[in-house]
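Worksheet: the structure to be examined is printed underneath.
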């Protein structure tokens, strides 16, 4: 949308000076901030400014006195309030032009205004201007989590060194555009007239995502077997292997950095599995059972290497043939079923270890492939990365 794609005219003190220059009268203040304009704008009569001058001068002198900001510690309250109130945002479309006003109004129902308002003179870095309107400088991660909390699905587009993200939530659309790696990201919120009616992310999950970068609880059996038991042999829970948790995994969200850790674990587990296969092939030659391990073992090792490329390394080349990252867990599930049916004829320690390690690979790959992942550019937790929430009110 046009407003979200706007280029910042100015940020910080320069923006404040420009906005104050444009702020000619109360009508402009009301157009920008709606019925809340007095929260942001101070009015001084000309007579007050020139009280030593005897003659009376008509008119007002307006300037932005307060700017809207959100502190990192307040994002939990902010998101909770916005999720409760965002179904009303469409009704505010004629009450002020700034698209961030519905967020502000949702917050001050629970937080004191002083929590989200700071003096413009000392906090000018939290204001900008885009499309001739005041823009709020906010942490990008808080806004992104807010969209996910409202049931958003994310779409990411890369072009000419820049990125655009569209978070299509139940009650609003959050669009973010960053023309290049070193430019400031500009965001816009569009309120929906009709709710999408997709299930919101449960509060405990978006709280986890906000604070730790993944929506599952750290103590969840789906994660604990891997994240908490690294010094022991990994034993994935049965429900992760048999498909009982597939729907839950499809609603899970990992940021880029957690997904990268998971990708590294997948690489390690695949190398370990290949080593077990090589050891089993050597033992099979001794007992004269090498035909199965040479033929089937080589095929399985090749497919494991393909999975490593697609999921662990994020690379797809001719070696992968028809296999894609999204269907690797189907290959691995069939592979594990085949091994359980065939390797029981070879009751060696190595074959038991092969089956167990294939289960580990399958479990890790399912975690990675089925979960939704936030790209690196927008995985900004604890980075202080900010964006300009800007542009006029739009509705769909």
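No value in this document is a laboratory result; all are computed from the given coordinates. Since the model is a prediction, treat every value here as computed from it, not as a measurement. Reconstructed Cβ throughout: ideal geometry from the backbone, glycine too, with neighbour counts over all protein chains shown.
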Worksheet item: Using alpha carbons only, how many degrees (0 to 90, rounded to 10) separate the axis of helix 349-370 from the longest principal axis of the chain?
Response: 20
Worksheet entry | Debye log10 I(q)/I(0) at q = 0.14, 0.18, 0.19, 0.21 Å⁻¹ for the stretch 136-261, Cα point scatterers | -0.73, -1.04, -1.11, -1.25
Response to the item:
Between residue 199 and residue 72, the two model label points (7 Å from Cα along the beta-carbon direction) sit apart by a distance in nm of 3.3
Worksheet item: Hey, what angle do you get for helix 203-212 against the long axis of the chain, alpha-carbon based, 0 to 90 degrees rounded to 10?
Response: 90
Worksheet item: Under a point spin-label approximation (7 Å from Cα along Cα-to-Cβ), what is the residue 156-residue 119 distance to one decimal in nm?
Response: 4.1
Worksheet, complete the sentence: If the chain between residue 315 and residue 385 were fully extended at 0.36 nm per residue, the gain over the current Cα-Cα distance would be 22.4 nm
Item to complete: With a Förster radius of 30 Å, plug the Cβ-Cβ distance of residue 282 and residue 322 into 1/(1 + (r/R0)^6) and report the FRET value to the nearest 0.05.
Response: 0.45
Discussion item. Can you give me the C-alpha center-to-center distance between the stretch 158-211 and the stretch 68-147, rounded to a whole angstrom?
Written reply: 15
Fill in: Choice from 110, 192, 260 showing the highest fluctuation, given a GNM over the chain with Cα pairs closer than 10 Å
110
Worksheet item: With each pseudo-label sitting 7 Å past Cα toward Cβ, what's the residue 39-residue 272 distance in nm, one decimal?
Response: 5.3
Worksheet entry | Mean ellipticity per residue at 222 nm, deg cm²/dmol - from DSSP H runs of n ≥ 4 across the chain, formula -39500 (n - 2.57) | -13000 deg cm²/dmol
Practice prompt. Starting from the alpha-carbon convex hull of the stretch 214-376, give the projected area averaged over all orientations, in nm².
Written response: 9.5
Fill in: Options (i) 24; (ii) 35; (iii) 32 - which one matches percent of Cα pairs over 39 Å apart as calculated here
(ii)
Item to complete: Pairs of Cα atoms under 8 Å, at least six residues apart: use those to get the relative contact order of the chain, whole percent.
Response: 22
Discussion item. On C-alpha positions alone, give me the angle between the axis of helix 75-85 and the longest principal axis of the chain, in degrees, nearest 10.
Written reply: 80
